[in-house]
1. Please identify the pairs in which a residue from region 187-212 that is not assigned by the TED database to the domain that holds residue 371 and of a type in the set (Lys, Arg) has its Cβ atom under 6 Å from the Cβ atom of a residue that is in a helix (DSSP H, G or I) and open to solvent by less than 20 Å² (accessible area, probe 1.4 Å), counting only partners at least 6 apart or on another chain.
2. Only one of (1) free of Cβ contacts under 8 Å to residues at least 24 places away in the same chain; (2) open to solvent by 10 Å² or more (accessible area, probe 1.4 Å) is not met by residue 164, so which one is it?
3. From (1) touching a Cys at 6+ places or on another chain (Cβ under 8 Å); (2) closer than 25 Å to residue 122 by Cβ; (3) open to solvent by 10 Å² or more (accessible area, probe 1.4 Å), pick out the condition that doesn't hold for residue 222.
4. Could you say which residue among 498, 469 is closer than 26 Å to residue 105 by Cα, under 21 Å from the mean Cα position of the chain (by Cα), free of Cβ contacts under 8 Å to residues at least 60 places away in the same chain and not assigned by the TED database to the domain that holds residue 186?
5. Identify all residues within region 329-345 that are loosely packed, with under 15 Cβ neighbours inside 10 Å and either in a helix (DSSP H, G or I) or among the aromatic types (Phe, Trp, Tyr) (or both); write none if there are none.
6. Restricting to region 516-535, name every residue that is in contact with a Leu (Cβ under 8 Å, 6 or more places away or on another chain), open to solvent by less than 80 Å² (accessible area, probe 1.4 Å) and modelled with pLDDT under 95.
7. Which of the residues spanning region 295-321 are of a type in the set (S, T, N, Q) and either surrounded by fewer than 14 Cβ atoms within 10 Å (Cβ to Cβ) or outside the structural domain of residue 452 (by the TED database) (or both)?
8. For region 211-245, give me the residue count where each residue is more than 30 Å from residue 525 (Cα to Cα) and under 22 Å from the mean Cα position of the chain (by Cα).
Amino acid sequence: MALHYPFPTYFILLLVTITRLIYTVGKTEQWKAPILTELDIDNISHKLHDDPEIIQMASRDYGHIVHEFPLAVFRPSSIDDIATLIKSSYNSFAPFGIAARGQGHSTHGQAMARDGVVVDMANLRKQRNGVAISVSKDPLMGHYADVGGEQLWIDVLHTTLKHGLAPVSWTDYLYLTVGGTLSNAGISGQSFRYGPQISNVHEMDVITGKGEFVTCSSQKNLELFHAVLGGLGQFGVIARARIALEPAPKRVKWVRLLYSDFFAFTKDQERLISINGRKQKNALDFLEGMLLMNQGPINNWRSSFFPLSDHPRISSLITEHSILYCLEVAKYYDEQTEINVDKEIQVLLQGLAYIPGFYYEKNVSYVEFLNRVRSGELKLQSQGLWDVPHPWLNLFIPKSQILDFNSRVFKDIVLKRNISSGPVLVYPTNRNKWDDRMSASIPDEEVFYTVGFLHSSGFDTWKAYDAQNSEILEFCRDAGIKVKQYLPNHSTQEDWTNHFGAKWIKFLERKHQFDPRMILSPGQKIFHKQLQPAF
């Protein structure tokens, strides 16, 4: 059945809203926002698009589960354009929702704006053509990169490497925007030592929900600074972030070990992340873990690692134990430290309780390691298996409850349903690497685990995975496991209140301070105040 788009009429009304209402409301004292001029409106009106194809693009995301149609897509050519658009909504009698969309890598419609306007940040990236990444040095903070919020981390990597430098905290997938990951946290196997990406930001330029352009840091406008980092896009659009840099390594010693005993697996992980000083030469640089089960291939799309000759004996072990646990670690090095890297790895791994004979290692370039997911993505794209539903579930689990989670979720729910064919990640991190003043919500314990069910499915089978996710969350509630969702997807005010816990009141205060008309990121569905359609 063809979809019908009644948008042309609505689109005209949107432009009327942006022109007529601003002049009436903008002249009042109620909102105290800057009054827009006719020239401002002329500068952005032609950048609003309602073509069915463009609308369709903005109505879906990487998850391919939620579809919310915006009224228009805004294609800015400057940061000022975005500020003008937000001011137009803020000044209106009937404010409309605005969502900044980077790569659309959310899985439950978080970057959508039903009956509102989606800001296409990719267009801004195209307009700025790579000039929005610059490297500098400060006597106090050292080297840093000033990066546009619309820029991709892969481009940040390549630009900073030209200076022999790089950020220290990454996500596993680099084709994401800086503003997108900083609005969540930005986590991966470096987080135990270097913290999430939000812990490595010196300063930001932010366009608030009032359309104000504000520079903030931990010394200046610190309330906004802490609100935006991990704030799910609720307080402002990140226009620029100043990212901490350190000398970049050249190569990586990459090791995987297999376990059949979950207790031994977690004990060894926790021991390794306890060596976590940023300047400690004997510490690992990366640590993650994953499950190997009969439902999925031994080598998944995230990386091909195990040699084909060993697949039969690994498969035999999986059949025997139902689940194997794979510990994945990495140590960075360069020409000066190459001579010692093997010895340092041996010392770190000495005494670990992995299965003898199941030790695997690779020696790869730094870029190849950080961009390890890209080859799998390209392969899936060539097979038409990338743009499919992704009913993901990402959780933070307190250390004290991870054994119960293994026995009741991994070994019960997951094995019984027998559908988990995608990667399932499980690895610990240290709470002291996070700044609790920021909006991101994590468990209270000093060590907590990231668990990620990274499923791919057919368009007619995703509901089975969604049902499994619901069963997992229901078990956690019933068992009293104080789980926090990463990339959260909640549908009720009570769930959001529980998600933020002690931070909820502060979160509300910040929302009223920086986005009082609840314009930004409506796709997160945190606030149930119904915004008016943009017509």
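1. Listed by first residue and then by second, the contacts come to 210/90.
2. Result: residue 164 fails condition (1) only.
3. The number of the failed condition is (2).
4. Values: 469 fails: free of Cβ contacts under 8 Å to residues at least 60 places away in the same chain.
None of the others qualify; the one that does is 498.
5. Here is the first cut: in region 329-345, the ones loosely packed, with under 15 Cβ neighbours inside 10 Å are 334-336, 338-340, 342-343.
338, 339, 340, 342, 343, listed by residue number.
6. 533, 534
7. First, pick out the residues of region 295-321 that are of a type in the set (S, T, N, Q): 295, 299-300, 303-304, 309, 315-316, 319.
Correct list: 309, 316, 319.
8. Keep residues of region 211-245 that are more than 30 Å from residue 525 (Cα to Cα), which gives 219, 244-245.
Cutting the leftovers down to under 22 Å from the mean Cα position of the chain (by Cα) gives us 244-245.
Number of matching residues: 2.
The values are calculated or read from the model by the stated rules, or taken from the named source; none is laboratory data. Computed from a predicted structure; not experimentally measured. Cβ sites come from the backbone with ideal geometry, for glycine too, and all protein chains shown count toward neighbours. These accessible areas exclude ligands, DNA and RNA; they are computed on the full protein's heavy atoms, side chains included. Shrake-Rupley method; radii C 1.70, N 1.55, O 1.52, S 1.80 Å.
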